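A short write-up of the structure that comes next.
Nothing in this text is a laboratory measurement; each read-out follows from the coordinates by a stated rule. Small disclaimer: the values here were computed from a predicted structure and weren't measured. Quick reminder, even Gly has a Cβ in these numbers, built from the backbone with ideal geometry, and neighbours come from all protein chains shown.
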Amino acid sequence: MKGKTPRRLPPKKASNSQKDPVGVYCRVRPLGAEDEECCIEVISNTTIQLHAPDGLKANRNGEFKETQYSFKKVFGIKTTQGELFEDVAKPLVEDIIHCKNGLLFTYGVTGSGKTHTMTGSPGQGGLLPRSLDMIFNSIGPYQAKRYVFKPDDKNGMEVQNQVDALLDRQKRDIIKFADMISPEEACKADGVDEDSSYSVFVSYIEIYNNYIYDLLEETPIDPIKPKPPQSKILREDQNHNMYVAGCTEVEVKSTEEAFEVFWRGQKKRRIANTQLNRESSRSHSVFIIKLAQAPLDADGDNVLQDKNQVNVSQLCLVDLAGSERTSRTRAEGSRLREAGNINQSLMTLRTCIEVLRENQMCGTNKMVPYRDSKVTHLFKNYFDGEGKVRMVVCVNPKADDYEETLLVMRFAEMTQEVEVARPVDRPICGFAAGRRQRNQERGESPTVLNQLLQSFPPLPPCEISGPNDDVTLPRLIEALEKRHKIRQMMIEEYNKTANMLKSVLQEQDSNLLSKENFIQEQRGKLGEKDKMLQNQKNEIDRLEKKSKMLEYKIDILQKTTNIYEEDKRSLQHELESREQRLQREMSEKRRMEARMQGIVTDSKLKWEKECERRVNAKQLEMQNKLWVKDEKLKQLKAIVTEGKTENRQPQRPSREKDKVPAKRSASPSPVPVRLTDIFQPVFNATGPPVRPLHRRSHSAGGERWVDHKPNTNVDLDTVLQPNLPNAIKVNAPSEKALSKCDKYVLTHQEVASDGEIQTKLIKGEVFKTRGGGQAVQFTDIETLKQENPVAASRKRRSSETGPDGEPKEGDWTDVETRCSVAVEMRAGSNLGPGYQHHGYPKRRKP
Ligand code: ADP
Ligand code: MG
């Protein structure tokens, strides 16, 4: 990966012809001493054949076929580390020197020789020490002084000034030396830019359980209580290259020094694995060699102090974890989980390769899941055409590994089909000497063309002096031939230069193409983003619609609420008005009640008064009756004592002096009629004056009678019946009848004290009242009575000899005629059939 630099080369080539498949090599290690059966046979230098072991064949009933796998190159058991390096790693080292990146990883099951291939052992240095050696052999004389280049911690490089670099140099540790490769094996890259200055930086990381650990980090190791190492994270630099953030980058100036750093990391890895009880075969180790180069200044003495001119390329050497499945390691618990994760990252590598292959073969644009594991994420740029990718598939031919090896082979086969864009060569102007060389040769050598031009011979004089002139023509011919030769040379030189220019132009063309490609890619990305935007817009539209709908709903609800509130208000209003009405009605009722109460009290009082008045009237009436009786008694006495002929003067009875027990009438019911306020006893002779209206004449002829006979009366076949000519017969009092007559008679029947029915004829006069009605003043009562002769004599006897000296009935006849009671009846008043006739003295009919 390169730093920030305008000279950074485009990552991809446009056409397929400029793509390279991932270089997959196969290395078969020798069979171990204890293993006997071999399942791999190297058929040619590109093919191997797998044989299923005997046991497995038997199990599968001979169905199994022998399979062949082809690789870019197959390295048999006799292949040396040097040979392998020559074919596999050397081109990558050349690339890094020419500003191109490289990725080399070893893949295989545990014990297949991955570490042996990558690291090797003393005297059998692997690809890593050899790569380092070659780099230093190549750039050795052109290395920058230490600390001139300085990592900027953002995957880029800075150029330090001389003073700072010097200060940093003094802080450096002394480094030990270890040799792994014999001097005669040393190799060197060609075409190193002499006008640049170089520096090598190494990093060493380990990826375990999908965590990245920096193996070169300087942390004090506590052997008693070891602290678990801090993991690192991956970041993307401004050129979209992945790098391990905060990873230690050690500047090394020689192979020895680089080894030293590597071993330091190895040691740390070993210690950590032991302390944390890890299985080393389950971790991936990544050794990163970074080569920084920058052009020298015009003098060719110092590096140009311009960060933008710094070029960084890197070679990643990856020793992957064993590819075998988990079951084989018989791991348990957390170890099993870790193993799962490691297998997971290899699985992701396989998936990425598969997707890459599918995309390339089918022209699809599926997303490659680099991010699913740290290993693939870290190297994603390589697969995207950022550098050459090579894989050494290591296999152990032992039969035990057969099944796992089969899987390894399948993966290898698939990987080979993936093509990675070929990194572009940096244009190198080879026809001119480098600045360093120019400094040495300055002022000495003109260019070839100039030299040729200068050596161009002038034409000799071509005038022929005579026919025998043998000199001129041959001289001319010679000069012309010489000139022709020089011309030829110049043409050649021109052609060469033209070719060079052509290639440069082609290069630029391809640059342009790749730029176009890049633009195309960006366009694609833009399209994607556009699509995303469209989607988001759609989503926004949808949400807007939804929000509108919700707003509409809210509106409706608001309206409904308003309506309800209005309803509520009106109902409340109605309720209030009804309450008010109720209140009003209640108060009205109360007022009414009070009024009623008043009326009731009033009428009660009135009626009380009325009753009292009536009682009083009754009392008076009774008193009067009593008085009448007393008077009668007195008269009776007087008769008894003074003789019957004597005229009797009516006197006011003195109740106190001559009290006679009152004889009560046998009236069956109390008087139900309204009596007049005035209740006056009337005496025929000398009593209180009778009203002037009042006539009293029994004999007056031409009078008209109202003959009142209630229906209840019983016909007793009485002989003596009143003879009333022209009488109006009624059975109930009638005002109309009264108005036509001036006499009134009521035929009244009652049961006498002896059990006989007696009939009374109560007579009265009708007169007009001042109020326009009629009043009846009773004046006379005639009593008709039938008697059983036996009972009557007995009775008479007993009554004549009454012990109390009461007057006999027969003695009453005269008195009765002289006694009358005037009863004024008010017109329109209830005169029921049973109105009362009191026990006046009976008139015995002769
Ligand atoms: P891995 O890293 O794949 O687990 P190693 O590289 O540790 O395997 O190899 C296991 C053993 O096999 C080591 O002792 C190594 O020396 C030996 N070995 C592997 N490959 C070869 C080879 N090509 N030649 C000789 N010995 C080898
Ligand atoms: Mg190993």
**OP:** Among the aspartates and glutamates, select those whose C-alpha is under 16 Å from the C-alpha of LYS785, and discard any that sit fewer than 8 residues away in the same chain.
**Re:** ASP715, ASP717, GLU750, ASP754, GLU756, GLU809, ASP811, GLU816
Original post:
Counting pairs on different chains as well as pairs 8 or more places apart, how many Lys pairs in the stretch 582-646 have Cα atoms under 22 Å apart?
Top reply: 12
Original post:
With point charges of +1 on the Cβ of Lys and Arg and -1 on the Cβ of Asp and Glu, referenced to the Cα centre of the stretch 486-603, which listed residue (SER577, MET549, LEU526) lies farthest in the positive direction of the dipole?
Top reply: SER577
**OP:** Pick out, in residue order, every one of the GluC sites (Glu not before Pro) in the stretch 475-545 that is DSSP loop and has at most 13 other C-beta atoms within 10 Å; say none if there are none.
**Re:** none
Original post:
Which aspartates and glutamates does LYS307 reach when only Cα atoms under 12 Å apart count, and residues fewer than 8 places away in its own chain are ignored?
Top reply: ASP152, GLU158
**OP:** Among the aspartates and glutamates, select those whose C-alpha is under 16 Å from the C-alpha of LYS546, and discard any that sit fewer than 8 residues away in the same chain.
**Re:** ASP555
**OP:** Taking H placed 1.01 Å from N in the peptide plane, check which residues at least 5 places from ILE40 or on another chain put their amide H under 5 Å from its amide H.
**Re:** HIS51
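Could you please report the charge total around ILE554, scoring K, R as +1 and D, E as -1 over all other residues with beta-carbon less than 13 angstrom from its beta-carbon?
Numbers: positive: LYS546, LYS548, LYS553, LYS559; negative: GLU551, ASP555.
Charge balance near ILE554 sits at +2.
In this model, which of LYS90/LYS374; LYS73/LYS496; LYS100/LYS502; LYS380/LYS496 are farther than 31 Å apart at the alpha-carbon? The partial results should precede the final answer.
Details: LYS90/LYS374 27 Å; LYS73/LYS496 36 Å; LYS100/LYS502 22 Å; LYS380/LYS496 40 Å.
Cα-Cα > 31 Å for LYS73/LYS496; LYS380/LYS496; rest within.
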